[in-house]
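The values are calculated or read from the model by the stated rules, or taken from the named source; none is laboratory data. Values in this document were obtained by computation on a predicted structure and should not be read as measured data. So basically every Cβ, Gly included, is an ideal-geometry build from the backbone, and we count neighbours across all protein chains shown. The accessibility values were calculated without ligands, DNA or RNA, using every heavy atom of the protein model including side chains. Shrake-Rupley method; radii C 1.70, N 1.55, O 1.52, S 1.80 Å.
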Amino acid sequence: MLKTAICDLFGIEHPIIQGGMAHLGTAELASAVSNAGGLGIIGSGYYEPDWVRQQIHLTRQQTSQPFGVNIPLTSPFVEQIVEVVLKEKVSVVATGAGNPESYIPRLKQTGIKVMPVVGSVALAKRLERAGADAIVAEGTESGGHVGETTTMVLVPQVVDGVRIPVVAAGGIGDGRGLAAALALGAQGIQMGTRFVCSTECIAHPRYKQKLLEAHDRSTVVTRQVLGLPQRSLQNKLTDQFQALEKAGASKEELELFDRGRMYLGLIEGDIKEGSLLAGQIAGLIKEIKPVRVIIEEIVAEAETIIASLKNFYRED
Ligand SMILES: Cc1cc2nc3c(=O)[nH]c(=O)nc-3n(C[C@H](O)[C@H](O)[C@H](O)COP(=O)(O)O)c2cc1C
């Protein structure tokens, strides 16, 4: 059975992590992933600390397995959410969109494992020195906020740069992706887009349907001007956003234009005017499935692929 250092570190059965997702990483999804042997992560997004506390309690009601909380460092409530996770002693804290260095000592003192998401080797090295337990190396293929380096290029370089376990994220949606990530030296994978297309994810059915219809070139990156490039399905909103960026709209104008768009797209299902975060791997996903089936199929496929690689060897 496939077991890696990530399984040992977090006490999970399979080296598969559900990336924290704003609006979608609810107790329902996180507990389903943890119950299926992966690591489920609550996405605190821009929600208030009380909401995060409530999701932690709900997750605990639905699973006895380890799970994590993702804190985007752009949230206006970072300090208070750190207090919540410390008090609740969650197993793992994942951070996104920034440098969590200053929070690591307190989290670790409480016995919480810290797993920042990074898009560069330099930040990975820095966070290892600061005491991170594992690193998610996330390539530009990912849904949500992205850097510029691809997963294929980033993962082996982060693996060479640090000694702690590395998790590959961005562009992974099946067992081939898991096998490839392990071949690059990662100890596990983190997926977002694949888990949006699960039965347990509360994403609006119209958004899920758009993901199923997507192909390899259906996503675009916008919001570079705001300093937080974001990958989502191309739609009327991204066209308008790009036009505004091109016309030299100010940061304030763009922020105002962007307000509330994520909730509108992901939860209310406005597929034209809402923001439909998605990774390039959306083109690979053809079916909504229960989380347990997604995880079991990926593990089985990766195991088959890894075992069959020896067929490439010839006697002569
Ligand atoms: C809808 C959506 C919302 C996301 N929100 C967050 C977030 O709040 N914090 C974060 O660190 N990453 C976020 N991500 C990134 C995921 O956690 C994950 O790393 C990424 O989706 C992996 O790439 P993939 O989409 O190719 O699987 C989000 C991704 C998606 C698709």
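Some values worked out for this structure:
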item: Cα gyration tensor shape for region 126-198, rounded if a/c is under 1.5, else prolate or oblate; result: prolate
item: Cα-based reach from K125 at 21 Å (exclusive), listing lysines while leaving out same-chain residues under 8 positions away; result: K108, K113
item: Relative contact order, percent, region 132-198 [alpha-carbon distance under 8 Å, six or more residues apart]; result: 32
item: Per residue, in Å², the accessible surface of region 151-225 once ligands and nucleic acids are set aside, probe 1.4 Å; result: 40
item: Long-range HN-HN contacts of L39 with modeled amide H, under 5 Å; result: I16, I17, Q18
item: For region 108-117, Karplus couplings with θ = phi - 60° (6.51, -1.76, 1.60), whole Hz, Gly/Pro x; result: 5, 4, 8, x, 7, 7, 10, 9, x, 9
item: Mean-position separation - Cα centroids, region 100-135 and region 66-95, in angstrom; result: 13
item: Excluding exposed DSSP-loop chymotrypsin sites (Phe, Trp or Tyr not before Pro) (at most 15 other C-beta within 10 Å), longest clean stretch of the chain; result: 47-312
item: Percent carbon-and-sulfur accessible area, the chain, ignoring ligands, DNA and RNA, probe 1.4 Å; result: 51
item: Among L184, T199, T150 - extreme Cα towards positive end, dipole of region 139-226, charges at beta-carbon; result: T199
item: In region 264-316, the GluC sites (Glu not before Pro) that fall in loop regions by DSSP, at most 15 other Cβ within 10 Å; result: E268, E273, E287, E315
item: Rough spin-label spacing in nm, given labels placed 7 Å along Cα→Cβ, for E245 and L309; result: 3.6
item: Linear extension gain, H215 paired with I267, 0.36 nm per residue minus alpha-carbon span; result: 16.5 nm
item: Interchain or long-range residues, amide H under 5 Å from G269's placed H; result: H204
item: Efficiency of FRET between R176 and D50 - r from beta-carbon atoms, R0 41 angstrom, step 0.05; result: 0.50
item: Cα gyration tensor shape of region 1-129, rounded if a/c is under 1.5, else prolate or oblate by comparing a/b with b/c; result: oblate
item: Alpha-carbon centroids, region 211-250 and region 142-157: separation in whole Å; result: 18
item: Cut-off 15 Å between beta-carbons: net charge of the residues surrounding Q209, Lys and Arg +1, Asp and Glu -1; result: +2
item: Mean separation of Cα contacts under 8 Å (6+ apart) over length of the chain, as relative contact order %; result: 16
item: Nearest-20 debye value, region 128-250 charge dipole, Cβ charges on Lys, Arg, Asp, Glu; result: 320
item: Computed helical MRE - 222 nm, the chain, DSSP H runs ≥ 4 contributing -39500 (n - 2.57), nearest 500; result: -12000 deg cm²/dmol
item: Estimated FRET transfer efficiency (E83, R126; beta-carbon r; R0 22 Å; 0.05); result: 0.35
item: Partner lysines for K246 [C-alpha distance under 21 Å; skip if fewer than 8 residues away on the same chain]; result: K236, K272
